[in-house]
Amino acid sequence: MKRFLGLGCIMLLGYGCAPSLEPIGSPKDAVRVPAILGAWEKKDEGLHFLVEEGPDSSYLIKHTDKAGREFTLTAHLFDIGDALFIDTLLTEFPSSKSLEASGITLVHLTTVHNFAKVLETDPSVQLAPIDSKWLKDYLTQDPQALRHYIPDKDSAYVLLTDSTERINTFLHMCVTKHPEAFATDKSIEFTRPQ
């Protein structure tokens, strides 16, 4: 397997198109990728990230948005199929009084997991979230594939409500049989600060 380093995946934050109530893997199965440590940015949006090792194979991501507000996420990296994924969860955020959350952090205020597949890391990191339209169409055709919630038929939003094990199995199936499940045309890029 060609391993891509997962550093940018850590900074996924609100870019995930299908959040989950459960993580995509068990912390005991998380992998360490030392190359993700350090400073990263999404310069065009004024976002900055500092990735540090956390306890039990986790990473702590200190995120500063363009208004200077600081957020902390906990992240885990998982090998699923022949791909590397990251799961992020907001664990600390500014008080609601000071929070006019941008779209990149707003989705985490419900304390959901977001995840993405890592496409590449050199010289920048590119991540591909699951394509919400593909996922909605797939789950409409096979509603038993994963427990989920779609607020209304016109919504592209899909909230995964299934178990960690079933979500992990579903992602493995996507990696091996449905590469179109990942929004490679909407990949997210992060770079090292200059």
LEU89 - would you say it is at pLDDT 90 or above, under 20 Å from the mean Cα position of the chain (by Cα) and open to solvent by 20 Å² or more (accessible area, probe 1.4 Å)? yes
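Could you identify the single residue in SER155, SER163 that is more than 18 Å from ILE24 (Cβ to Cβ) and of a type outside the set (D, E, K, R)?
SER155 is the lone residue from the list that is more than 18 Å from ILE24 (Cβ to Cβ) and of a type outside the set (D, E, K, R).
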Report the residue count in region 33-75 for those that are surrounded by 14 or more Cβ atoms within 10 Å (Cβ to Cβ) and in a loop (DSSP other than H, G, I, E, B). 7
Would you confirm whether any residue within region 178-190 is assigned to a loop (DSSP other than H, G, I, E, B) and surrounded by fewer than 13 Cβ atoms within 10 Å (Cβ to Cβ)? no
Single residue of region 118-164 satisfying the filter (closer than 30 Å to PRO34 by Cα and of a type in the set (D, E, K, R)) that is nearest to the chain's Cα centre (by Cα): ASP131
Could you check region 98-130 and list, in sequence order, the residues that are more than 18 Å from ASP44 (Cα to Cα), of a type in the set (S, T, N, Q) and modelled with pLDDT of 75 or more? THR111, ASN114
Does LYS153 count as assigned to a loop (DSSP other than H, G, I, E, B), at pLDDT below 90, basic (Lys, Arg) and surrounded by fewer than 15 Cβ atoms within 10 Å (Cβ to Cβ)? yes
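The values are calculated or read from the model by the stated rules, or taken from the named source; none is laboratory data. All figures in this text were calculated on a predicted structure; none of them were measured in a lab. Reconstructed Cβ throughout: ideal geometry from the backbone, glycine too, with neighbour counts over all protein chains shown. Calculation scope for accessible area: heavy atoms of the full protein, side chains included, ligands and nucleic acids excluded. Shrake-Rupley method; radii C 1.70, N 1.55, O 1.52, S 1.80 Å.
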